[in-house]
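Read the structure below first, then the notes.
The values are calculated or read from the model by the stated rules, or taken from the named source; none is laboratory data. Computed from a predicted model, the values in this text were never measured in an experiment. Here Cβ is always computed from backbone atoms with ideal geometry, including for glycine, and neighbour counts include all displayed protein chains.
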Amino acid sequence: MNKIKLLCLALVVGLSFGCACPMARYNKATASGPVLRHVVMFQFTANTTPEQVKDIEAGFRALPTKIPGITGFEWGTNISPENKNQGLTHCFFLTFASLADRDAYLPHPAHKAFGASLKGHVEKVCVLDYWSQP
């Protein structure tokens, strides 16, 4: 397994243990069963300005208001002192109740438009989906 896959796995495991507390304002998931987690991490290009990064953050944060099926959303930037993030600085964590909800999110016009806004700004991206485990 290459280093980026190991890093992504470690981040997902860490995030899933941290999700026992209620998620941000978009959390509608219940404790009645597993939920589908969709984790997205970015490394921005060296020429992406802080203002452009802020616009991208705002664009991702807006997706739960535009796309039905997202039951939980939170995000943050890396603050780990371990220096093992391999350049990935931003993590976005979405929750879906079903594969169908996630599958509707992927081709949704708002998600496609957001993806297009990343062009030229993302050096590296890591995406992992998994079913939550107790």
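Take residue 88 and tell me if it is at pLDDT below 95 and surrounded by 11 or more Cβ atoms within 10 Å (Cβ to Cβ).
Judged against the criteria, residue 88 is not a match.
Mind telling me which of the residues 93, 42 ends up being in contact with a strand residue (DSSP E or B) (Cβ under 7 Å, 6 or more places away or on another chain), assigned to a strand (DSSP E or B), over 15 Å from residue 114 (Cα atoms) and not β-branched (Val, Ile, Thr)? Walk me through how you get there before you give the answer.
Values: 42 fails: over 15 Å from residue 114 (Cα atoms).
Checking each option against the conditions leaves just 93.
Any residue that is farther than 27 Å from residue 32 by Cβ, touching a Cys at 6+ places or on another chain (Cβ under 9 Å) and at pLDDT 95 or above - is there at least one of those in segment 68-80? Among the residues of segment 68-80, at least one is farther than 27 Å from residue 32 by Cβ, touching a Cys at 6+ places or on another chain (Cβ under 9 Å) and at pLDDT 95 or above, which makes the answer yes.
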